[in-house]
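Everything below concerns the one structure shown next.
The values are calculated or read from the model by the stated rules, or taken from the named source; none is laboratory data. What you are looking at is a predicted structure, and each value in this text was computed from that prediction instead of being measured. Neighbour counts are summed over all protein chains in view; Cβ atoms, including those assigned to glycine, are modelled from backbone coordinates with ideal geometry.
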Amino acid sequence: MKRGELYRVFRPSGDPKKARVFVVVSRNALIETRFSTVICAPVYSRYDGLSTQVAVETEEGLKHDSSIHCDALMSIPKSALTNYVGSLPPAKIEALNQALHVALDLSE
């Protein structure tokens, strides 16, 4: 498991869908520890063009064009991240970093 990888999670907590794709946003140093959860951002089919959203396409392993929503971060057990979908290319990870920066209101 690495930062920027996408996984389909079945029955995510509080989500009405039976499965949703999430992208891992935790730093790799945390992912490699024995800590049982990682921070993830959900992927929705809706894209509103917000600065906290990152457009993702079928090239990343998705069934249809979607977007990562960085305003809806969740802590997900690593054990739930077993259904690998794909990974983000470097340019998308850079866009993800920028969207997280805006979502978390981090100063430059």
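Structure notes:
- Unique match (being in contact with a Leu (Cβ under 8 Å, 6 or more places away or on another chain) and surrounded by 14 or more Cβ atoms within 10 Å (Cβ to Cβ)) among S66, S26, S87: S87
- Tally of residues being of a type outside the set (A, V, I, L, M, F, W, C) and either assigned to a strand (DSSP E or B) or in contact (Cβ under 8 Å) with a residue 60 or more places away in the chain (or both) across region 73-101: 9
- Taking the criterion of being in contact with a strand residue (DSSP E or B) (Cβ under 8 Å, 6 or more places away or on another chain) and surrounded by fewer than 13 Cβ atoms within 10 Å (Cβ to Cβ), the residues of region 73-84 that qualify are S75, P77, T82, N83, Y84.
- Boolean, S13 is among the hydroxyl-bearing types (S, T, Y) and touching a Ser or Thr at 6+ places or on another chain (Cβ under 9 Å): no
- Consider region 33-48 and keep the residues that are in contact with a helix residue (DSSP H, G or I) (Cβ under 9 Å, 6 or more places away or on another chain) and among the polar types (S, T, N, Q). The one that is farthest from H69 (Cα to Cα) is S36.
- Only a single criterion out of (1) farther than 21 Å from L100 by Cα; (2) surrounded by 12 or more Cβ atoms within 10 Å (Cβ to Cβ) is not satisfied by S13, namely (2).
- Inside region 44-72, residues that are in contact with a strand residue (DSSP E or B) (Cβ under 6 Å, 6 or more places away or on another chain), free of Cβ contacts under 8 Å to residues at least 40 places away in the same chain, closer than 19 Å to G14 by Cα and in a loop (DSSP other than H, G, I, E, B) make up a count of 2.
- Hits in region 7-43 (condition: part of a loop (DSSP other than H, G, I, E, B) and modelled with pLDDT of 90 or more): V25, S26, R27, E32, T33, R34, F35, S36
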